[in-house]
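Below: one structure, written as structure tokens.
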Amino acid sequence: MPQPYNEGDGPAVILLHGYPFNRSMWREQIDFLSARGCRAIAPNLLEMSDDLQLVADADAQESEWQRPAEAYRTFRTMVSMARDVSALMDELKIDQAVICGLSMGAYVAFEFVRLFPSRVRAFVLAGARAQGPDEDEKQSREQQARRILTEGMAFVADAMLSKVLAPRTLAENPAVVSRVREMILRTDPRGAAAAQRGMAARRDYSNDLCDIETPTLIIAGREDAVRKAEDAEFIRRGIRNSHLEIIDDAGHLMNMEQPEVVNRLLLSFMGEPDPA
Ligand code: MLT
């Protein structure tokens with residue numbers, strides 16, 4: 001099981017990746033923040049828990065994920081990921097951190113701040129949505145999970161690239177396009193299916209927003225085709241001590257598409273995490 005990135009010394013920031021990606025989507029933030037007096041940590045959320053031992057053991061049991069009866073039991077909730085993040089903090093002897101989640105990572109962050117509010121120094125939500133899934137979304141996630149378990153990740157990569165990246169990134173930044181494709185293809189299908197089911201079962205976080213006291217930075221890509229601009233606005237209105245930044249020429253994966261902009265925002269927010 002890969003170790004989380006854990007680099008630098010200073011105030012800790014924990015970066016939670018989206019679906020169906022992994023810790024490597026935060027490479028630029030890890031390098032930048034750890035070189036500037038922060039301890040930057042990024043776990044692989046889909047490979048941390050005992051629930052997913054099957055996934056962690058993928059090499060040894062190569063064909064097992066294709067056995068539907070086995071695979072259909074695999075389930076990875078946002079709560080279990082949040083608990084794993086807390087366990088990781090215990091292991092790394094970190095009491096409190098800035099918790100930064102992108103998309104699925106933001107669902108996990110919402111659970112984390114509810115379960116462990118005193119461990120959150122400040123909160124960053126990127127490409128986030130608070131509302132829970134409706135019936136259509138639940139069904140579509142279950143269909144995706146089943147298809148992933150029988151076909152693997154290639155169709156997901158084909159379908160997602162044009163949605164998660166801004167038109168300019170797709171046209172002008174082949175290195176980012178191929179990194180994103182690689183990340184998706186390297187995701188274990190059982191981990192991806194389990195996360196889809198976990199996201200289908202997630203709570204509606206709308207009513208949590210007014211309880212979040214922590215200073216919060218909300219980041220949205222102006223060209224995000226996965227999240228609507230209203231999703232970020234809704235969160236900004238709900239969390240009283242929050243501030244919204246919209247990033248030009250960026251889609252859902254704004255931290256990979258405009259790393260310099262996101263890095264600067266994170267650094268200044270970490271230095272002074274009170275946007276009010
Ligand atoms: C993500 O990037 O994590 C996904 O878009 C989350 C989702 O499917 O809601």
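The values are calculated or read from the model by the stated rules, or taken from the named source; none is laboratory data. What you are looking at is a predicted structure, and each value in this text was computed from that prediction instead of being measured. FYI the Cβ positions are ideal-geometry reconstructions off the backbone, even for glycines, and counts take in every protein chain you see. Side chains included, ligands, DNA and RNA excluded: accessible areas come from the protein's heavy atoms. Shrake-Rupley method; radii C 1.70, N 1.55, O 1.52, S 1.80 Å.
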In the stretch 30-51, how many residues are in a helix (DSSP H, G or I), within 16 Å of the ligand (Cβ to nearest atom) and in contact with a strand residue (DSSP E or B) (Cβ under 8 Å, 6 or more places away or on another chain)?
1
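Got a sec? Which of R236, R179, R240 is over 15 Å from the mean Cα position of the chain (by Cα), more than 16 Å from the ligand (Cβ to nearest atom) and assigned to a helix (DSSP H, G or I)? Let's see the steps before the verdict.
Values: R179 fails: more than 16 Å from the ligand (Cβ to nearest atom); R240 fails: assigned to a helix (DSSP H, G or I).
Exactly one residue qualifies, and that residue is R236.
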Number of positions in the stretch 211-233 that are without any contact (Cβ under 8 Å) to a residue 24 or more places away in the chain and more than 16 Å from the ligand (Cβ to nearest atom)
1
Over the stretch 50-82, the set of residues within 24 Å of N6 (Cβ to Cβ) and either surrounded by fewer than 18 Cβ atoms within 10 Å (Cβ to Cβ) or modelled with pLDDT under 50 (or both) is D50, D51, L52, Q53, V55, A56, D57, A58, D59
Could you tell me whether any residue of the stretch 195-211 is over 17 Å from the mean Cα position of the chain (by Cα) and farther than 21 Å from A82 by Cβ?
no
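Hey, any hits in the stretch 141-158 for a residue that's part of a helix (DSSP H, G or I), in contact with a Gly (Cβ under 7 Å, 6 or more places away or on another chain) and open to solvent by less than 70 Å² (accessible area, probe 1.4 Å)? Walk me through it before giving the result.
Here is the first cut: in the stretch 141-158, the residues part of a helix (DSSP H, G or I) are 141-151, 154-158.
From what is left, the residues that are in contact with a Gly (Cβ under 7 Å, 6 or more places away or on another chain) are none.
No - not one qualifying residue is present in the stretch 141-158.
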Some residue of the stretch 124-140 being within 18 Å of A195 (Cα to Cα), among the polar types (S, T, N, Q) and away from the ligand (no atom under 16 Å from the Cβ):
no
Do we find that V120 is surrounded by fewer than 24 Cβ atoms within 10 Å (Cβ to Cβ) and at pLDDT 95 or above in this structure?
yes
